[in-house]
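Everything on this sheet refers to the single structure shown next.
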Amino acid sequence: MRLFQVINLAREYLILGLMGLIFIGIIYFLFFRKFFKNHVKSNIKKVIVFCILFCYVVIVIGATIFIRPGVYEHANLHLFSSYIEAWNNYSKSYWRNIILNILMFVPFGFLLPLFSDRFRNFFLSMSLSLLFTLGIEVTQYITKRGIFEVDDLMNNWIGALIGYSLIMFILLIFSKQKPRFKALKLILCILPSALTIIIGYKIMDAYNKQEFGNLSSNYNYIYNMQNVTLNSYVELNDNDIKKKKVYISEQYTKDEALKFAEKFFEKLNAKLDTSNIDIYDNQVVYNSIDNRYRLAVHLRGGTYDFTDFKSDENIINQNMDEESIKEVLENYNIDVSKDAEFEEEKENESSLYRFSIDLKEEDDKLTDGYLSIDQYDDTIHVNNYIYQYDVCGEYKIISQEEAYEKIKSGEFNTYELYDIDSIVIRSVKLCYQVDSKGFYQPVYRFECTIDGEGRPIFIPALEEIQ
């Protein structure tokens with residue numbers, strides 16, 4: 001979830017929280033205050049903190065439960081799996097989710113000791129924090145509005161701990177009394193925040209120091225294979241290939257992506273709208289001033305997605321030949337390599353046309369990927385995922401047998417398949433995947449049937465980074 005989405009959600013449920021406060025205020029003044037006025041002492045500080053705390057709880061419950069559809073049915077009980085997944089993908093969006101889960105509960109731990117002196121007790125505040133996040137996770141699981149994840153419990157509790165320790169640090173600093181071991185208590189209060197920052201820095205430093213990036217296909221946790229039936233109809237070949245080349249793709253900066261987009265629109269006699277640019281983790285989306293064209297440039301690899309929202313109808317039909325499709329692409333100044341293989345994929349009354357290049361190596365350069373074009377109504381989509389790579393060296397790889405042993409031991413990515421009964425391996429080949437630093441790494445692709453559904457399993461092949 002992006003930051004602006006979080007802000008919009010907070011604004012939406014803040015209004016609901018304020019309405020709830022108004023309702024509570026009406027009930028209090030009409031009934032509670034009238035009958036129990038001799039037993040109630042007004043405390044403006046408590047009222048203010050209660051109002052903030054109430055609105056905060058409404059926002060958290062709304063953001064974690066009510067905005068989600070009831071389609072989730074699973075629980076993830078693998079501790080640290082979200083951290084491993086974020087490490088394998090190493091993109092801002094994955095780390096952002098973890099950070100937001102921590103920050104979301106910082107106000108809870110911060111506000112409790114301000115609301116009542118009783119909550120300055122560490123065990124009471126942290127127990128209540130754990131019960132709050134546990135209640136959210138259990139509600140998500142029961143209502144199917146989220147996945148029960150132990151990592152969420154841990155991250156939320158860490159956030160509450162940071163909030164609690166920060167407010168206790170502030171209260172100790174401004175305390176008129178001189179409690180025993182004040183210096184030690186101050187150090188303990190700042191420790192959770194300091195450790196979180198240090199661990200985050202260490203993760204970043206370890207990633208920057210490693211030679212290659214991480215592969216999203218690597219496993220997030222070891223799958224339990226005891227109750228899984230594994231069959232293979234493949235004769236594993238441990239041939240003489242002990243080394244394989246690793247390649248590096250082109251990397252665009254945001255300025256380079258902007259120049260590419262400007263030239264792209266210029267060739268279409270269109271002007272880029274500089275006021276309508278969306279920047280994401282690995283891509284920048286540009287629009288023409290007349291909103292006819294949209295271009296999403298991928299920073300890693302320099303590929304792109306192009307959309308024409310106002311093309312003539314029926315430009316692309318079924319059973320068109322290669323030259324006719326190339327003519328359509330030429331109208332958008334998009335060239336297709338003569339080495340690309342042409343194919344048509346039919347679906348109902350429409351077709352998707354694809355030009356594919358499969359690991360073509362020439363002059364220490366590797367070309368791989370595909371370019372596709374299709375049309376729905378008067379909208380044409382072009383996806384250019386043809387990458388060009390430069391050789392950066394040769395490295396040792398594991399054998400097919402070693403890769404198969406990793407599947408047997410459950411060291412593979414299940415892609416949210418939490419319950420597996422059977423895996424049938426139909427074929428295996430060595431191919432490539434782009435890692436988080438833009439390197440093109442060799443991986444073994446096992447074509448499988450998992451519980452009757454065709455799914456690939458990827459096992460990283462580089463020996464040095466296993």
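Could you list, in sequence order, the residues of region 370-379 that are closer than 26 Å to E250 by Cα and open to solvent by 20 Å² or more (accessible area, probe 1.4 Å)?
Y370
Might you let me know whether region 183-199 holds any residue that is touching a residue at least 12 places away in the same chain (Cβ under 8 Å), open to solvent by less than 70 Å² (accessible area, probe 1.4 Å) and in a loop (DSSP other than H, G, I, E, B)?
No; the residues of region 183-199 include none that is touching a residue at least 12 places away in the same chain (Cβ under 8 Å), open to solvent by less than 70 Å² (accessible area, probe 1.4 Å) and in a loop (DSSP other than H, G, I, E, B).
Scan region 353-361 and give yes if some residue there is under 19 Å from P442 (Cβ atoms), out of contact with any strand residue (DSSP E or B) (no Cβ under 6 Å at 6 or more places or on another chain) and not in a loop (DSSP other than H, G, I, E, B), otherwise no.
yes
Can you name every residue in region 384-397 that is of a type outside the set (F, W, Y) and in contact with a Phe, Trp or Tyr (Cβ under 8 Å, 6 or more places away or on another chain)?
N384, I386, D390, V391, C392
Taking the criterion of being aliphatic (A, V, I, L, M), more than 30 Å from D390 (Cα to Cα) and over 32 Å from the mean Cα position of the chain (by Cα), would at least one residue in region 329-337 satisfy it?
Looking for residues that are aliphatic (A, V, I, L, M), more than 30 Å from D390 (Cα to Cα) and over 32 Å from the mean Cα position of the chain (by Cα), one finds none in region 329-337, hence no.
Would you check which residues across region 405-416 are buried (at least 19 other Cβ atoms within 10 Å of the Cβ) and among the aromatic types (F, W, Y) and list them?
Across region 405-416, the qualifying residue is only F412.
Which one of the conditions (1) of a type outside the set (D, E); (2) in contact with a Phe, Trp or Tyr (Cβ under 9 Å, 6 or more places away or on another chain); (3) modelled with pLDDT of 95 or more does K408 fail to meet, given that it meets all the rest?
Checking K408 against (1) of a type outside the set (D, E); (2) in contact with a Phe, Trp or Tyr (Cβ under 9 Å, 6 or more places away or on another chain); (3) modelled with pLDDT of 95 or more, the one that fails is (2).
Within region 266-289, restricting attention to residues that are of a type in the set (D, E) and in contact (Cβ under 8 Å) with a residue 12 or more places away in the chain, which residue is farthest from N89 (Cα to Cα)?
Top of the filtered list is D273.
Conditions: (1) farther than 23 Å from K396 by Cα; (2) in contact (Cβ under 8 Å) with a residue 60 or more places away in the chain; (3) part of a helix (DSSP H, G or I). N231 meets all but one. Number of the miss?
(3)
Yes or no, residue by residue, for (1) within 15 Å of N220 (Cβ to Cβ); (2) open to solvent by 10 Å² or more (accessible area, probe 1.4 Å); (3) of a type outside the set (D, E):
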| residue | (1), (2), (3) |
| --- | --- |
| D421 | no, yes, no |
| S436 | yes, yes, yes |
| C448 | no, no, yes |
| P456 | no, yes, yes |
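Tell me which residues, restricted to region 120-153, are under 20 Å from the mean Cα position of the chain (by Cα) and touching a residue at least 40 places away in the same chain (Cβ under 8 Å).
Pass one, region 120-153, residues under 20 Å from the mean Cα position of the chain (by Cα): 137, 140, 145-153.
Correct list: Q140, R145, G146, I147, F148, E149, V150, D151, D152.
Quick one: is A296 without any contact (Cβ under 8 Å) to a residue 24 or more places away in the chain and small (G, A, S)?
The answer is yes for A296.
Select, from N218, N156, N214, the only residue that is in a helix (DSSP H, G or I), touching a residue at least 24 places away in the same chain (Cβ under 8 Å) and buried (at least 18 other Cβ atoms within 10 Å of the Cβ).
N156
Of the numbered conditions (1) touching a Leu at 6+ places or on another chain (Cβ under 6 Å); (2) part of a loop (DSSP other than H, G, I, E, B), D374 satisfies every one except a single condition; which is it?
The single condition D374 does not satisfy is (2).
What are the residues in region 293-316 that are modelled with pLDDT under 95 and on the phi < 0 side of the Ramachandran plot, if any? Give the derivation first.
In the first step, residues of region 293-316 are kept if they are modelled with pLDDT under 95; the result is 298-303, 309-316.
Passing the criteria: H298, L299, R300, T303, F309, K310, S311, D312, E313, I315, I316.
The values are calculated or read from the model by the stated rules, or taken from the named source; none is laboratory data. Quick caveat: nothing in here was measured; it's all calculated off a predicted structure. So basically every Cβ, Gly included, is an ideal-geometry build from the backbone, and we count neighbours across all protein chains shown. Surface areas here come from the heavy atoms of the whole protein model, side chains and all, with no ligands, DNA or RNA. Shrake-Rupley method; radii C 1.70, N 1.55, O 1.52, S 1.80 Å.
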